[in-house]
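Undergrad: Here it is: the structure, laid out below.
The values are calculated or read from the model by the stated rules, or taken from the named source; none is laboratory data. As the structure is a computational prediction, the values presented were derived from the model and not from experiment. As a convention, Cβ positions derive from the backbone with ideal geometry for all residues, glycine included, and neighbour counts pool all protein chains shown. Surface areas here come from the heavy atoms of the whole protein model, side chains and all, with no ligands, DNA or RNA. Shrake-Rupley method; radii C 1.70, N 1.55, O 1.52, S 1.80 Å.
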Amino acid sequence: QERLVESGGDFVLPWGSLRLSCSASGFTLDTHSIGWFRRAPGKHGEGVSCINSSDGRTYYADSVKGRFTISRDNAENTVYLQMNSLNPEDRAVYYCARGPRRCGDLWYTTWGYDVWGQGTRVTVSS
């Protein structure tokens, strides 16, 4: 079965850092983009970042640009999201999702993603 599993979510202090992992099984990431999304309590889901399969081009929401970095390790069949300078607004459940070969113009929406992980919770609080 094709699956994505997120890990790395934790409780962290403001200004702290976390690295989330998105591990694929049942398929390889080489022909897929991977997007990161988050949903905070009482808020709509938000596209956080996306990475292309072939050229590795990356995309970021304005809210995380300069603080978050998406990357991939094809040997490990894993995509990462390095999150720095975290603040309480980053508190959410983070999901990764499988997309087409490249992140589309609407990468930040859920449209076009066909496999989703179960989510990993990030709590930013003092």
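Undergrad: Does region 49-75 hold any residues that are in contact (Cβ under 8 Å) with a residue 40 or more places away in the chain, surrounded by fewer than 20 Cβ atoms within 10 Å (Cβ to Cβ) and among the small types (Gly, Ala, Ser), and which are they?
TA: Those that are in contact (Cβ under 8 Å) with a residue 40 or more places away in the chain, surrounded by fewer than 20 Cβ atoms within 10 Å (Cβ to Cβ) and among the small types (Gly, Ala, Ser): SER54, ALA61.
Undergrad: While we're here: Does region 76-96 hold any residues that are open to solvent by 20 Å² or more (accessible area, probe 1.4 Å) and within 19 Å of THR58 (Cβ to Cβ), and which are they? Give the derivation first.
TA: Step one: of region 76-96, the residues open to solvent by 20 Å² or more (accessible area, probe 1.4 Å) are 76-77, 80, 82, 84-85, 87-89, 91, 93, 95.
Scanning region 76-96 gives GLU76, ASN77, TYR80, GLN82, ASN84, SER85, TYR95.
Undergrad: Cβ-Cβ under 7 Å, sequence separation 6+ or interchain: first residue in region 78-96 and farther than 12 Å from PHE68 by Cβ, partner open to solvent by 50 Å² or more (accessible area, probe 1.4 Å) and of a type in the set (A, V, I, L, M, F, W, C). Which pairs?
TA: Taking only residues 6 or more apart or on different chains, the pairs are TYR95/TRP116.
Undergrad: Report yes if GLY35 is modelled with pLDDT under 95 and either small (Gly, Ala, Ser) or surrounded by 15 or more Cβ atoms within 10 Å (Cβ to Cβ) (or both), otherwise no. Give the steps one after another, and end with the answer.
TA: Numbers: modelled with pLDDT under 95: no; either small (Gly, Ala, Ser) or surrounded by 15 or more Cβ atoms within 10 Å (Cβ to Cβ) (or both): yes.
No: the conditions fail for GLY35.
Undergrad: If you don't mind, another one. So, in region 9-22, how many residues would count as being open to solvent by 50 Å² or more (accessible area, probe 1.4 Å) and in a strand (DSSP E or B)?
TA: Just the residues of region 9-22 that are open to solvent by 50 Å² or more (accessible area, probe 1.4 Å), to begin with: 10-11, 13, 15, 17, 19.
Of the ones still in play, those that are also in a strand (DSSP E or B) are 11, 19.
Matching residues across region 9-22 total 2.
Undergrad: Please verify whether region 47-56 includes one or more residues that are closer than 17 Å to GLY112 by Cα, among the β-branched types (Val, Ile, Thr) and not in a strand (DSSP E or B).
TA: No.
Undergrad: Please go through region 97-126 and pick out each residue that is of a type outside the set (A, V, I, L, M, F, W, C), closer than 19 Å to THR31 by Cβ and either surrounded by 14 or more Cβ atoms within 10 Å (Cβ to Cβ) or touching a residue at least 24 places away in the same chain (Cβ under 8 Å) (or both).
TA: ARG98, GLY99, PRO100, ARG101, ARG102, GLY104, GLY112, TYR113, GLY117
Undergrad: All but one of (1) under 14 Å from the mean Cα position of the chain (by Cα); (2) open to solvent by less than 50 Å² (accessible area, probe 1.4 Å); (3) more than 19 Å from THR120 (Cα to Cα); (4) not small (Gly, Ala, Ser) hold for GLU6, so report the exception by its number.
TA: Here GLU6 clears every test but (3).
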